[in-house]
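See below for the structure under consideration.
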Amino acid sequence: MRKLIAIWAGKLLTVVGKLVGKKSSASPGAFALKICPALVSDINKIVTKKVIVTCGTNGKTTTNNLMCTALEAKGYKVLCNRLGANMLSGIATTYIQSADIFGRVKADYACLEIDEAYTPIVFRQIKPDIMVITNLFRDQLDRYGEIDITVNIIKRAIAEAGKVKMVLNADDPLCVQFGREANAEAVYYGISEKVLPQVDDTKEGRFCPICGAELDFEFYHYSQLGIYSCPGCGYKRPEPDYNITDISLKAPIRFKINGKAMEVNYKGFYNIYNLAAVYAALDVAGERTDDFNKLLEGYKPQIGRMQEFMFNKPVILSLSKNPAGFNQAIATVNSDDRKKDVIIAINDLANDGRDVSWLWDVDFHKIKDDNLNMLATTGIRVYDISLRFKYAGINVDLMTDSMKKAVLAALDTDSEVVYVLVNYTALYPAEAVLNELKGGKGSGR
């Protein structure tokens, strides 16, 4: 009865939240968990096939939602926290919204994105059959601390999970170490050819996680992702079970996984990793992958994942919340040869992390001047990001506390495309402004 009351209360709060314009992705679950703390503990029982969880610093929302889309395309019913509410409260909300009035939930698969810091808490109630880890970078230092703290948290979660199949990024030395855990059965995916220019880049994990020696890199893709080995203890990149080759980054992106040709209409080198993780997880789950391209035709990126709004020119909204993410967003901007305006919004609310010192680890100096038309800065920390650009030697054309003013200014220039790069709490306000300017039609695609 307690569980049923919790579900009814959560459903009521979801309705009320949506009536007042809230997304209701976590708060209904948080309230319901106060009534029934073990609300989601039967997920393993109700799921008839596999529980697949995804965590990691960057790419987990895209990877999780791609997984859900692929499984739904196969005709399965999937329990999935699509909006990225990835703590226990978000999972509880997803459970509530999937339940009928009698509290029953039915699903073939569960695809659950989980915040790295919450993995031990979630795994006390939910035991994953497959765990995907995309990468590990520094993120929200005042919340997570340095990477070794996050590593230890994930190791505790893996121990809590029991026997689990792991899908790991072979190119990330910080991820590969989890395959050494006693109860982990690991497979690896990785990119085995040099694709990007070998320029100086911030490397989050350039030291061996086993002995602490500095790693030798044959080459790298970005940050610490690449082909590496340790001169001290012999720790090295494992041979990928899912090997990515023959990459072309011109739209549509083309590549091969174990010799099978893939073609997807996405932007960003990093999305190849997300796609490979999904492919590997599907294969580990025992699903066919020969129709992989077709499975993803119906995928629509979540808000801020290179989300495009069409005005008199395209406006592309991208979530970039840490140094590695921003550097990849900058690389994507630079790969676009069109004359462009760039708007950057930085907030420092609790969900962003109050400490914005990470801005000094972003390679803002690499933004190409030759086709940069206008650079605008906004957000709560508008002066911090503007100062950062001053030291990067790049002129800021517009500083404003209004995202709407920045977008209107960009739409009034002779550029061909506008990129809006925002951190987490600036994301939804930016989307709201873009939808408002489009007449509230929600034209993002």
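Values quoted throughout were computed directly from the atomic coordinates according to the rules given, and no laboratory measurement underlies them. Remember, it's a predicted structure, so these values are computed and weren't measured experimentally. Cβ atoms come from the backbone with ideal geometry, glycine included; neighbour counts cover every protein chain shown.
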Fill in the blank from the handout: The answer for chymotrypsin sites (Phe, Trp or Tyr not before Pro) in the stretch 356-445 that fall in a DSSP coil and have at most 16 neighbouring Cβ atoms within 10 Å is none
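Would you mind getting me the FRET efficiency between Asp370 and Lys163? Use the beta-carbon distance for r and R0 = 45 Å, nearest 0.05. Show your work: numbers first, answer last.
Details: r = 54 Å, r/R0 = 1.20.
Computed FRET efficiency for Asp370 and Lys163: 0.25.
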Fill in the blank from the handout: Calculating Kirkwood radius over Cα pairs in Å from this structure picks out, from (1) 24.6; (2) 23.5; (3) 22.6, entry (3)
Practice task
Grab the other residues whose beta carbon is less than 14 angstrom from that of Ala73, score K and R as +1, D and E as -1, and report the net.
Solution key: -1
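Do you know the relative contact order of the chain, to the nearest whole percent, from alpha carbon pairs under 8 angstrom that are 6+ apart? Provide the component values of the computation, followed by the final result.
On the way: 905 pairs, mean separation 55.7, N = 445.
After rounding, I find 13 percent.
Translational diffusion coefficient, Stokes-Einstein: compute it for the stretch 307-437 using the Kirkwood radius over C-alpha pairs as Rh, at 25 °C and 0.890 mPa s, and state it as an integer in µm² s⁻¹.
The calculation lands on 170 µm²/s.
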Fill in the blank from the handout: The rounded separation in angstrom of the Cα centers of the stretch 94-126 and the stretch 1-36 is 14 Å
Practice task
Could you order peptides 176-187, 426-437 by the average number of other Cβ atoms within 10 Å of their residues, highest first?
Solution key: 426-437, 176-187
Practice task
Multiply the residue gap between Lys256 and Lys390 by 0.36 nm, knock off their C-alpha separation, and tell me the result in nm, one decimal place.
Solution key: 44.1 nm
Handout entry: Within-12-Å neighbourhood charge of Leu39 [Cβ basis; K, R +1; D, E -1]
Key = +2
Exercise for the section: Name the long-range amide H neighbours of Lys77: under 5 Å, sequence gap of 5 or more, or other chain; modelled H, no Pro or chain starts. Expected result: Asp108, Tyr109
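If you stretched the chain out fully between Tyr428 and Asp397, how much longer would it get, using 0.36 nm times the residue separation minus the C-alpha to C-alpha distance? Intermediate values should be presented prior to the final figure.
On the way: separation 31, 0.36 × 31 = 11.16 nm, distance 2.40 nm.
Full-extension gain reported as 8.8 nm.
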Handout entry: Positive minus negative residues near Phe219 (Lys, Arg vs Asp, Glu; Cβ under 10 Å)
Key = -1
